[in-house]
Structures are given as C-alpha cells and as structure tokens.
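Okay, structure first, notes after.
The values are calculated or read from the model by the stated rules, or taken from the named source; none is laboratory data. For clarity, every value in this text was computed on a predicted model and none was experimentally measured. Note that we place each Cβ from the backbone using ideal geometry, even for glycine, and neighbour counts take in every protein chain shown. Remember, those area values only see protein heavy atoms, side chains included, never the ligands or the DNA or RNA. Shrake-Rupley method; radii C 1.70, N 1.55, O 1.52, S 1.80 Å.
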Amino acid sequence: MLDDIHVFAQVVDAGSFTEAATRMNISKSLVSKQVSRLEARLQLRLLNRSTRSLSLTDAGRRFYSRCRGGLQEIDAAIEDLALMRDEPAGLLRINLPMSFGVMHVSPLLPALQQRFPELDLEVNLDDRKVELIEPAFDVSIRISDLADSSMVARRLGPCRHLLVASPEYVKANPLSDVAGLAEHRILSYRHQQSSTEWHFTHPEHGHQSVRLRPVAELNNSLAIKQMAVQGGGIARMPSFAVAEDICEGRLQQVLAGYQCPELSIFAVYPVRRYLPPKVRVFIDFMLEHIGENPAWDSALTLSNQH
C-alpha cells in the first residue's frame, strides 16, 4: 500500500499519469493500476480523471496533504544515510524565479553537480509566487521582504533595485525628481505588490512615494529589461538583472540619489526535523556565490568609480 501511495503522490506532483510514469520509469498502465488499487482499498475516489485534465477530489486533496509529509520524512530518513558517506545524493527539486534563475543560478548548476556527482536536479523556473506548501519542491529561492512564516528561510544576500532607462530615452526625456515619474513612460513588473506605486528614500528629502500609470505591465524582469533597452521607458529593476547592461552602456541609472526599498534573496524550505543533506549543500553553494556583496553589485560599484 505504501508503494501505491507513493505512486499516487507522484501523479499529483507530476500533474499527469504520463509524466509520473516517465519520472518513475514505469508504464502508464501500471501507474493507473496502482492508483485505482489504492482508491479501491480506501473506498474513495482520489482523482477526477478526464481525457484532458486531472484534478484531486476533496478526499484526494486531504489524503495527499497528510501523506506527502510522511513520504517526505521517509525520503529524508533515506537521505540522512548519505551523511554516513558524507555525500549528498538523490533528486533535489528546486523552484526558482525565472529571471534570477536563468541569469544567476542555472549557470552554477553544472559546478554544483561536479562537486556532488550523486546529486540529480529537477528545476522549475517560474516568476509566479509558488506556494511553498506545495511539496513538489525541496527548496525554493524567493526574492521578497519577508519569507513565508510557515517555512524556514535562509538569507542568501540582498536584492537592490534601481531605476533604469536607455541613454536615448534619458536624453530625450530628462528627469530631476521622483514626482516627475508620473509624466514618464513606466514599465512595471506585475508580480510586485507596489507595481503602480513606487517608494523611495532620499538622504535629504526622506521617504517619498509616487503613484504611476504604467504603459506596460509585464510578468518577467528580462522582458521588461529588453523593453527598457529599446527605449520603451523607465523601469524599476533588480540590480542582478541590469548590472551588465549598465556597465556596457545599454542602460543608464535614473535618479541615482533616490534609493528603492531593498529586498532579500531567500532560500526557503519546509519545516523539517532534519535538513536533508542535498538541501543543505545547495543552500551553502548559493551562499558562496551570492553573499552580502554579490558580484553584480560589485561590478556596478567599480563601474561608478570609473
């Protein structure tokens, strides 16, 4: 029965019988058979099936929520044995913000696997705020001002934001203070709470806020950056996304004397009695490569000095 429960959980995590079968390297018919056998033993339907979709019934949702934690504990117990070999092993399921993941995490993953060759990776890149109560991920990187209180959070470093625009846009549309932003073409990141109201701090003028009407709202930082590079307007961007463009002259910082609120880069993971070795080494690896003075911020500092 435990094996059937494991297969059921894999189907829910994968979102389909076909994908679950692929992940477990067994046939789709065997997956279906084991789920049906589990439903028969429980005398309850756990999944609503159709030719195009798969969803949990109320009973299935409740059963999955309770069982997944137990399965994770079993996985963690097995993984703890890796400590006896001092070698993290197994599948590490990581959730990453799209832009940060593409630019600053995925290029590091080959080095992580070279250091820990028994570690397999499953990476999800998504700019949506994924609810980390979802047990499909072992660890997630979040960029925010506050981590989910139901999770364990480890700060990896700062995430500073800058106002940027193309040199051509700045030359054609001069700007002297934040109040003037309301008259400019604004490119906004949809997933931020303050997408239409930006806040700033100035050494002399203190805290200021300005309400904006963006000409474009996008759900991906890289897409916003491309619009800004092409002269589409002013964007509030994380320094990790635009440092290289500023250093190479494709973008220019606007109103450099005004500071945007600083966020943090967190590694977050579910509360567990023991931190699996595979999660621990990933977090330590990320700390090595981010830290309190990330490489992208150092590059900006050097650029400004010149």
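Worth pointing out:
- Matching residues in segment 121-136 - criterion: being open to solvent by 30 Å² or more (accessible area, probe 1.4 Å) and either more than 20 Å from SER221 (Cβ to Cβ) or modelled with pLDDT of 85 or more (or both): LEU121, GLU122, VAL123, ASN124, LEU125, GLU131, ILE133, GLU134
- Scanning segment 76-85 for residues that are at pLDDT below 95, in contact with a strand residue (DSSP E or B) (Cβ under 9 Å, 6 or more places away or on another chain), closer than 25 Å to ALA9 by Cβ and surrounded by 15 or more Cβ atoms within 10 Å (Cβ to Cβ) turns up at least one hit.
- For ARG250, the conditions (1) touching a Phe, Trp or Tyr at 6+ places or on another chain (Cβ under 6 Å); (2) open to solvent by 50 Å² or more (accessible area, probe 1.4 Å); (3) at pLDDT 95 or above are fulfilled apart from (1).
- Any chance ARG213 is without any contact (Cβ under 8 Å) to a residue 60 or more places away in the chain and among the basic types (Lys, Arg): yes
- In this structure, ALA216 does not satisfy being of a type outside the set (Phe, Trp, Tyr), surrounded by fewer than 13 Cβ atoms within 10 Å (Cβ to Cβ) and either at positive phi or out of contact with any Pro (no Cβ under 9 Å at 6 or more places or on another chain) (or both).
- Residue count for segment 152-190, restricted to those that are over 23 Å from PRO261 (Cβ atoms) and at pLDDT below 90: 1
The rows are residues; the columns are (1) in contact (Cβ under 8 Å) with a residue 60 or more places away in the chain; (2) under 26 Å from the mean Cα position of the chain (by Cα); (3) under 20 Å from ALA295 (Cα atoms).
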position	(1), (2), (3)
GLY206	no, no, no
GLY231	yes, no, no
CYS260	yes, yes, yes
ALA267	yes, yes, yes
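- Yes/no for THR51 being of a type outside the set (Asp, Glu), more than 23 Å from ASP120 (Cβ to Cβ) and open to solvent by less than 40 Å² (accessible area, probe 1.4 Å): no
- Residue-level check: of (1) farther than 22 Å from ASP126 by Cα; (2) out of contact with any strand residue (DSSP E or B) (no Cβ under 6 Å at 6 or more places or on another chain); (3) small (Gly, Ala, Ser); (4) in contact (Cβ under 8 Å) with a residue 24 or more places away in the chain, ALA241 misses just (1).
- In summary, GLY70 fulfils each of the numbered conditions (1) modelled with pLDDT under 90; (2) open to solvent by 70 Å² or more (accessible area, probe 1.4 Å) with the single exception of condition (2).
- Looking across HIS202, HIS207, one residue alone is open to solvent by 20 Å² or more (accessible area, probe 1.4 Å), touching a Gly at 6+ places or on another chain (Cβ under 8 Å) and not charged (D, E, K, R). It is HIS202.
- Answer from ASP245, ASP297 - the residue that is among the charged types (D, E, K, R), modelled with pLDDT of 95 or more and touching a helix residue (DSSP H, G or I) at 6+ places or on another chain (Cβ under 8 Å): ASP245
- Meets criteria (open to solvent by 10 Å² or more (accessible area, probe 1.4 Å) and aliphatic (A, V, I, L, M)) for LEU263: yes
Residue-by-condition table, conditions (1) open to solvent by less than 20 Å² (accessible area, probe 1.4 Å); (2) among the aromatic types (Phe, Trp, Tyr); (3) out of contact with any helix residue (DSSP H, G or I) (no Cβ under 9 Å at 6 or more places or on another chain); (4) within 23 Å of THR301 (Cα to Cα):
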site	(1), (2), (3), (4)
ALA153	no, no, yes, no
LEU156	yes, no, no, yes
LEU175	no, no, no, yes
HIS191	no, no, yes, no
GLU197	no, no, yes, no
MET227	no, no, yes, no
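- Any pair with Cβ under 7 angstrom, 6 or more apart, that starts in segment 41-64 at a residue that is in a strand (DSSP E or B) and ends at one that is hydroxyl-bearing (Ser, Thr, Tyr) and buried (at least 17 other Cβ atoms within 10 Å of the Cβ): LEU56/TYR64
- Condition broken by PRO110, with the remaining ones in (1) touching a strand residue (DSSP E or B) at 6+ places or on another chain (Cβ under 7 Å); (2) under 26 Å from GLY157 (Cβ atoms) satisfied: (1)
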